[in-house]
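First up is the structure itself, then whatever we jot down about it.
The values are calculated or read from the model by the stated rules, or taken from the named source; none is laboratory data. Note that the structure is predicted; figures quoted are calculated from it, not measured. All Cβ positions, glycine included, derive from the backbone under ideal geometry; neighbour counts span all protein chains shown.
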Amino acid sequence: MRYLFSTGLIGALTAGYSLLRGTRETPITWRALLAWGSWGITLALAIGAAIDMRREEKGVIVDPDSPLASTQDKRLKKDAKRRDKQLKAAQKR
């Protein structure tokens with residue numbers, strides 16, 4: 001539920017609503033098509049960010065081009081280092 005209320009998604013939906021109100025009674029021009037295309041890209045990026053947040057929270061590997069990939073990579077390396085340390089300690093016993 002928290003992903004539905006992310007700021008990127010809310011921003012994209014409000015921008016789409018204002019774009020709809022602004023272009024409702026105007027003729028379709030190349031500028032209107034460009035605005036709608038831009039809004040579609042913004043909405044797709046917001047949905048992708050919400051999906052990446054959910055995947056990262058569940059521990060699923062996110063795509064390398066995601067902004068969360070670097071933090072997830074650091075966390076995975078830290079976890080691997082901790083596991084190696086625990087294995088070495090167990091082998092010494």
I'd like to verify a number: residues in segment 1-38 that are surrounded by 13 or more Cβ atoms within 10 Å (Cβ to Cβ) and within 20 Å of S66 (Cα to Cα), how many? 6
Residue pairs meeting the criteria (Cβ under 8 Å; at least 6 apart or on separate chains; first modelled with pLDDT of 85 or more, in segment 50-63; second in a helix (DSSP H, G or I) and of a type outside the set (S, T, N, Q)): A50/G8; A50/L9
Cβ-Cβ under 8 Å, sequence separation 6+ or interchain: first residue in segment 1-23 and under 15 Å from M53 (Cα atoms) and in a helix (DSSP H, G or I), partner modelled with pLDDT of 85 or more and of a type in the set (V, I, T). Which pairs? L9/I47
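Return the total of residues in segment 70-93 being in a helix (DSSP H, G or I) and farther than 30 Å from A44 by Cβ.
Residues meeting the conditions: 16.
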Suppose the filter is free of Cβ contacts under 8 Å to residues at least 60 places away in the same chain and surrounded by 10 or more Cβ atoms within 10 Å (Cβ to Cβ); does A89 pass it? no
The conditions are (1) part of a helix (DSSP H, G or I); (2) in contact (Cβ under 8 Å) with a residue 12 or more places away in the chain, and P67 fails exactly one of them. Which is it? (1)
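Does segment 57-67 contain any residue that is surrounded by 13 or more Cβ atoms within 10 Å (Cβ to Cβ) and not β-branched (V, I, T)?
Yes, segment 57-67 contains a residue that is surrounded by 13 or more Cβ atoms within 10 Å (Cβ to Cβ) and not β-branched (V, I, T).
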Checked segment 49-83 for anything within 25 Å of Y17 (Cβ to Cβ) and either out of contact with any Ser or Thr (no Cβ under 8 Å at 6 or more places or on another chain) or among the hydrophobic types (A, V, I, L, M, F, W, C) (or both); matches are A49, A50, I51, M53, R54
